[in-house]
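Shown next, in structure tokens, is the structure this report addresses.
The values are calculated or read from the model by the stated rules, or taken from the named source; none is laboratory data. Nothing here was measured: the structure is a model prediction, and the numbers come from that model. Cβ placement follows ideal geometry from the backbone for every residue including glycine, while neighbour counts extend to all protein chains displayed.
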Amino acid sequence: MKMRIIYWIPRIIGILAILLMMMFSFDCFGGEYNLKEQLTCFFMHNIPSFIIVLFLVIAWKWEMIGGMLFIAACIAMSIFFKSFAGNPASLIVIAPFLLAGILFIVYDQLNKTKA
């Protein structure tokens, strides 16, 4: 039972964090732009989310590699958002990816020791 919880928690955190990132791109809709420009804006804002979805798909099958990808994404986002140079609020968006990455690696290690 405990292994099932550790299996699902990082996946749920990853999905919720991706949905949070995607939610920020809905500001593209509205205003005086036509539908094509709005959809282009929406797609462009969601490119990082699509990359993280790819990381989640990889992590679903290979937890260690996916965990490292999630941690690398967290580091890249912290550099991009300048989290440690005066923007600590960005950690709200970044922290779930770090947590999910760590939990993927923990699950992989626990699964190897159990087998």
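What to note about this one:
- Filter result for Val106 (within 30 Å of Met1 (Cβ to Cβ), hydrophobic (A, V, I, L, M, F, W, C), free of Cβ contacts under 8 Å to residues at least 40 places away in the same chain and in a helix (DSSP H, G or I)): no
- Condition check for Lys82: charged (D, E, K, R), over 9 Å from the mean Cα position of the chain (by Cα), exposed (fewer than 12 other Cβ atoms within 10 Å of the Cβ) and outside any helix (DSSP H, G or I): yes
- Within region 73-87, considering residues that are out of contact with any helix residue (DSSP H, G or I) (no Cβ under 8 Å at 6 or more places or on another chain) and hydrophobic (A, V, I, L, M, F, W, C), the one modelled with the lowest pLDDT: Ala85
- Check on Val57, loosely packed, with under 13 Cβ neighbours inside 10 Å and of a type in the set (Val, Ile, Thr): yes
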